[in-house]
Amino acid sequence: MLSQIHILLTYGCTFECDHCFLYCSPRSKGTFTRARIAKVLDQACEMGGVEWIYFEGGEPFLYYPQMVEGLRMARDMGFATGVVTNGYWATSEEDAEIWLRPLAELDVADISFSDDALHGSSETAPVKMAIAAAEKMGLPLGVIRVDGEKVKFRGRAVDKLSAGLPRHPASHFGECPYEDLQSPDRVHVDSFGNVQVCQGLVIGNMWERPLARIFAEYDATTHAICAPLTEGGPARLAGLFGAPSDEGYVDACHLCFLTRRALLERYPDLLAPRQVYGLD
Ligand code: SF4
């Protein structure tokens, strides 16, 4: 049952990380307006059962007024809220408190910071000051660290980080290790309306059909991409549509992502937006 909606407030980001699932960069297009955030929240209410609304990206603090307004609307509707940020905005610990104070006042229940070498973080990085300020204010913070072993090979990681790593044949990856595609308990939604059960894997468009209808009509066994993934993982997907490489794959997501990217022209509504596959 759906319990979390992660609003991709923008695909734009201050960084262009090699391991980014969504291929975000300062040039990425696609940002929510206040009206569109309100529409997502209304649809989440109508759906029932949704408890959490997250604001993430990209880097959601790039659109700080919309993010704070979205947090306020979500809080007023009774949702628990969270944000994910790289902390680029912390010019000093003292100033970081100014950015964080409205979030404290809005009872944001989870403030997660991306803090690792892959995010360009060093001992003097802004995110360290942001974390220190959040700790001092007693905010509910989490730290997301992606070291080399935790990289999942989707998005830009496939193109930037997979070279030279040990590989396995497609038959090795007989299940999706991370997502419950039959009964998702969380989805990501973007400003184009895409409702994604994994990055770039779409089950409907919120601007065309309300979320409650998308979920009522969604059946993984009839979805052209989710059906083979639930039956036999990326191995089945590649078996059905053709393996995209004969060099083997680093992990299940690597095989899944490459197979899906080769199918973009065939299933433009189910595999979107193109930019998360590294294509314009
Ligand atoms: S195997 Fe595919 S659907 Fe599953 S988490 Fe990896 S990329 Fe997503």
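Structure data summary
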read-out: Qualifying residue in the stretch 22-37 (condition: hydroxyl-bearing (Ser, Thr, Tyr) and surrounded by 23 or more Cβ atoms within 10 Å (Cβ to Cβ)); value: yes
read-out: Selected residue [surrounded by fewer than 21 Cβ atoms within 10 Å (Cβ to Cβ) and under 24 Å from Ile5 (Cα atoms)] from Asp180, Asp280; value: Asp180
read-out: Single match in Leu279, Leu263 (criterion: over 17 Å from the mean Cα position of the chain (by Cα), closer than 23 Å to Arg27 by Cα and part of a loop (DSSP other than H, G, I, E, B)); value: Leu279
read-out: Criterion (over 21 Å from Val50 (Cβ atoms), among the hydroxyl-bearing types (Ser, Thr, Tyr) and out of contact with any helix residue (DSSP H, G or I) (no Cβ under 8 Å at 6 or more places or on another chain)) met by exactly one of Thr222, Thr259, Thr230; value: Thr222
read-out: Candidates His223, His254, filtered to the one that is surrounded by 22 or more Cβ atoms within 10 Å (Cβ to Cβ) and not hydrophobic (A, V, I, L, M, F, W, C); value: His254
read-out: Enumeration of residues in the stretch 154-198 that are touching a residue at least 60 places away in the same chain (Cβ under 8 Å), under 23 Å from Leu9 (Cα atoms) and touching a helix residue (DSSP H, G or I) at 6+ places or on another chain (Cβ under 7 Å); value: Arg154, Gly155, Val189, Ser191
read-out: Residues that are within 12 Å of Leu139 (Cα to Cα), in a loop (DSSP other than H, G, I, E, B) and not acidic (Asp, Glu), drawn from the stretch 74-116; value: Leu106, Val108, Ala109
read-out: Met1, sole failed condition from (1) part of a loop (DSSP other than H, G, I, E, B); (2) buried (at least 20 other Cβ atoms within 10 Å of the Cβ); value: (2)
read-out: Residue that is farthest from Phe173 (Cα to Cα) [pool: residues in the stretch 223-232 that are near the ligand (Cβ under 9 Å from one of its atoms) and part of a helix (DSSP H, G or I)]; value: Cys226
read-out: Pair list, Cβ under 8 Å, 6 or more apart: the stretch 215-240 residue in contact (Cβ under 8 Å) with a residue 40 or more places away in the chain, other residue part of a helix (DSSP H, G or I) and more than 13 Å from the ligand (Cβ to nearest atom); value: Phe215/Met47; Thr230/Thr221; Gly232/Gly239; Ala235/Ser171
read-out: Single residue of the stretch 129-169 satisfying the filter (closer than 25 Å to Val83 by Cα and among the acidic types (Asp, Glu)) that is farthest from the ligand (Cβ to nearest atom); value: Glu135
read-out: Subset tally (residues that are within 21 Å of Glu69 (Cα to Cα), aliphatic (A, V, I, L, M) and touching a residue at least 12 places away in the same chain (Cβ under 8 Å)) for the stretch 12-40; value: 3
read-out: Breaking point among (1) buried (at least 22 other Cβ atoms within 10 Å of the Cβ); (2) of a type outside the set (Val, Ile, Thr); (3) at pLDDT below 95, for Cys198; value: (3)
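Okay, residues lined up against (1) closer than 15 Å to Phe21 by Cβ; (2) within 11 Å of the ligand (Cβ to nearest atom); (3) within 22 Å of the chain's Cα centre (by Cα); (4) outside any strand (DSSP E or B):
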site: Ser171; (1), (2), (3), (4): no, no, no, yes
site: Pro177; (1), (2), (3), (4): yes, yes, yes, yes
site: Leu181; (1), (2), (3), (4): no, yes, yes, yes
site: Gly204; (1), (2), (3), (4): no, no, yes, no
site: Trp207; (1), (2), (3), (4): no, no, yes, yes
site: Thr221; (1), (2), (3), (4): no, no, no, yes
site: Pro234; (1), (2), (3), (4): no, yes, yes, yes
site: Asp246; (1), (2), (3), (4): no, no, no, yes
site: Cys256; (1), (2), (3), (4): yes, yes, yes, yes
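The values are calculated or read from the model by the stated rules, or taken from the named source; none is laboratory data. What you are looking at is a predicted structure, and each value in this text was computed from that prediction instead of being measured. Counting neighbours? That spans all protein chains shown, and the Cβs are built from the backbone with ideal geometry, glycine included.
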